[in-house]
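A quick write-up on the structure given underneath.
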Amino acid sequence: MVTNDIRVCDHCQFYKLKSIVPKLKKMAGDCEIQVGCKSYCGPCAKKAFVYINGRYVTGKDEEEVIAKVIPLVKK
């Protein structure tokens, strides 16, 4: 089974953790999602972002960043 490395910032103002974490878990299966500051404060203050498998993915809001993350999820 392939494991995804997914991390989200708990200070990001462009998504709500209560909604984005379950969406990511649904996409990535048994992956443990790390929640905490990612020291990505410049872009984090301007856009939603998710760190997945070595890449920062950004979007204007939660829906856009989720759409960009889908193709990067290892199955």
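Data for the structure
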| item | result |
| --- | --- |
| Test for Lys26: is it on the phi < 0 side of the Ramachandran plot and free of Cβ contacts under 8 Å to residues at least 12 places away in the same chain | yes |
| Residues (closer than 17 Å to Leu72 by Cβ and among the aliphatic types (A, V, I, L, M)) located in the stretch 2-38 | Val2, Ile6, Val8, Ile20, Val21, Leu24, Met27, Ala28, Ile33 |
| Any hit, the stretch 1-12, residues being of a type in the set (D, E, K, R) and free of Cβ contacts under 8 Å to residues at least 12 places away in the same chain | no |
| Pick from the stretch 11-54, criterion more than 15 Å from Val65 (Cα to Cα) and in contact with a Leu (Cβ under 8 Å, 6 or more places away or on another chain), ranking: surrounded by the fewest Cβ atoms within 10 Å (Cβ to Cβ) | Val35 |
| Near pairs, Cβ below 9 angstrom, 6+ apart or cross-chain, from the stretch 42-61 (modelled with pLDDT under 90) to any residue that is crowded, with 19+ Cβ neighbours inside 10 Å | Pro43/Phe49; Cys44/Cys9; Cys44/Cys12; Cys44/Phe14; Cys44/Lys38; Ala45/Cys12; Lys46/Phe14 |
| Counted residues, the stretch 39-60 - those being within 11 Å of the chain's Cα centre (by Cα) and among the basic types (Lys, Arg) | 1 |
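The values are calculated or read from the model by the stated rules, or taken from the named source; none is laboratory data. Remember, it's a predicted structure, so these values are computed and weren't measured experimentally. Counting neighbours? That spans all protein chains shown, and the Cβs are built from the backbone with ideal geometry, glycine included.
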